[in-house]
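Each value in this text was obtained by applying a stated rule to the coordinates, not by laboratory testing. Being a predicted model, the structure only gives us computed values, none of them experimental. In this analysis, Cβ positions are derived from the backbone assuming ideal geometry, glycine residues included, and neighbour counts consider all displayed protein chains.
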Amino acid sequence: MQRVINFSAGPSSIPLDVLQMAQKEFLNYNGMGFSIIEISHRSKVFEEVLNSAIENVRELYKIPDNFAILFLQGGATLQFSQVPMNLSKGGFAEYVNTGVWTQKAIKEAKILGIDVRVVSSSEDDEFSYIPEFSFSDNADYAYICSNNTIYGTQYKHLPTTKCPLVVDSSSDLLSREVDFNGNIGLFYGGIQKNAGPSGVTLVIVNKSLVKDNIDRVPTLLQYNSQIKNNSMLNTPNTFGIYMFNLTTKWIKKQGGLSCIHQNNINKAKILYDFIDNSNGFYRCHARKDSRSLMNVSFNIIKDGQKSVELEKEFVYMAEKDGMIGLKGHRILGGIRASIYNAISLEDVKKLVEFMHKFQRSY
Ligand code: PMP
């Protein structure tokens, strides 16, 4: 079986072991004669899958009991609204603007009438860096996006705050360790990059922040109703949660998040070192101190300019060599290699080999 190397930004590559397990179990789950996607979400069989997924996340991130773990729908995008709906106390909320995904979050909070204050932004340089900032102690919450999928920037460490910190971790979910004993109030991400298919959002929320019966917030969008119903206020995405359970088991098998993180560091280093030593043929979008371990966005330079033609040719030739998903986001252009958990060191080496070959021929 010939599979390509998939550098897509999301939905993206899923470990082969996980796909094969899903395939093996698909028609006949655990010898029961039905597929996991054919049975009630209220059945014991599915409940076990859901609870196993929750336990895996708790174990991997070492999440204390005062946090609830939810699997919600509406994508990471719905969290742009759900966060302010639930965490706003009528005061103000502070955001760091590091690109499209924080801009969208800011927009949705404003629609809800929240007093949004943008404490810092890197818009002045096409979001190529994580800016300096400080949050007020008395904000209702402070909001960041830990990894900026389009521009290839990432916070090296999550900031310390006195108020609850909200983190959109959609594109670096389960890729490194996170300390849940400090200031994190709510941590969320769509699972379709590092941990499964699209359609499920993992939300990890400090229970002390959620209230009951929030005025003018629909029941389905109240975290506390979801917590009380173990994410089953309505029919959840049973297949997505099942796949997430398999993927988190796979992460555990790799040695957990510290091993996964080290592997991600090694992979990114190979690629960044190669780009830095390409005599200016390849050039990263992100500044060195802000580079992402997950999304490597770069350009091809000819005569001192970004060359759209060469970039097109690069994507075309890479596909011929069995590597897909390398076209940059439509907003930024260029090339983007997403090297999430399921991409191996060998996969990155193959990409670098190709990049070397491509450079020699132009
Ligand atoms: N936040 C980030 C950082 C993302 O990369 C994305 C999607 N690429 C989103 C939010 C939106 O996710 P969704 O499409 O699941 O709503």
Legend entry - Failed criterion for Ala9 (all others in (1) in contact with a helix residue (DSSP H, G or I) (Cβ under 8 Å, 6 or more places away or on another chain); (2) within 16 Å of the ligand (Cβ to nearest atom); (3) among the hydrophobic types (A, V, I, L, M, F, W, C) hold): (1)
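Output yes when any residue across the range 240-249 is among the aromatic types (Phe, Trp, Tyr), part of a strand (DSSP E or B), in contact (Cβ under 8 Å) with a residue 12 or more places away in the chain and under 23 Å from Cys145 (Cα atoms), and no when none is.
no
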Legend entry - Every pair of residues 6+ apart whose Cβ atoms lie under 6 Å, when the first sits in the range 73-100 and is on the phi > 0 side of the Ramachandran plot while the second is within 16 Å of the ligand (Cβ to nearest atom) and not in a helix (DSSP H, G or I): Gly75/Gly190; Gly99/Phe127; Gly99/Asn148; Gly99/Ile150; Gly99/Tyr151
Legend entry - Whichever residue in the range 159-204 is touching a Gly at 6+ places or on another chain (Cβ under 7 Å) and outside any loop (DSSP other than H, G, I, E, B) and, among such residues, is farthest from the ligand (Cβ to nearest atom): Leu165
Legend entry - Criterion violated by Pro64 - all others in (1) loosely packed, with under 14 Cβ neighbours inside 10 Å; (2) more than 25 Å from Gly255 (Cβ to Cβ); (3) in contact (Cβ under 8 Å) with a residue 24 or more places away in the chain satisfied: (2)
Legend entry - Lone unmet requirement of (1) surrounded by 18 or more Cβ atoms within 10 Å (Cβ to Cβ); (2) part of a helix (DSSP H, G or I); (3) within 14 Å of the ligand (Cβ to nearest atom) for Met85: (3)
Inset, instruction - Can you give me the number of residues within the range 91-134 that are in a loop (DSSP other than H, G, I, E, B) and of a type in the set (Ser, Thr, Tyr)? - result: 5
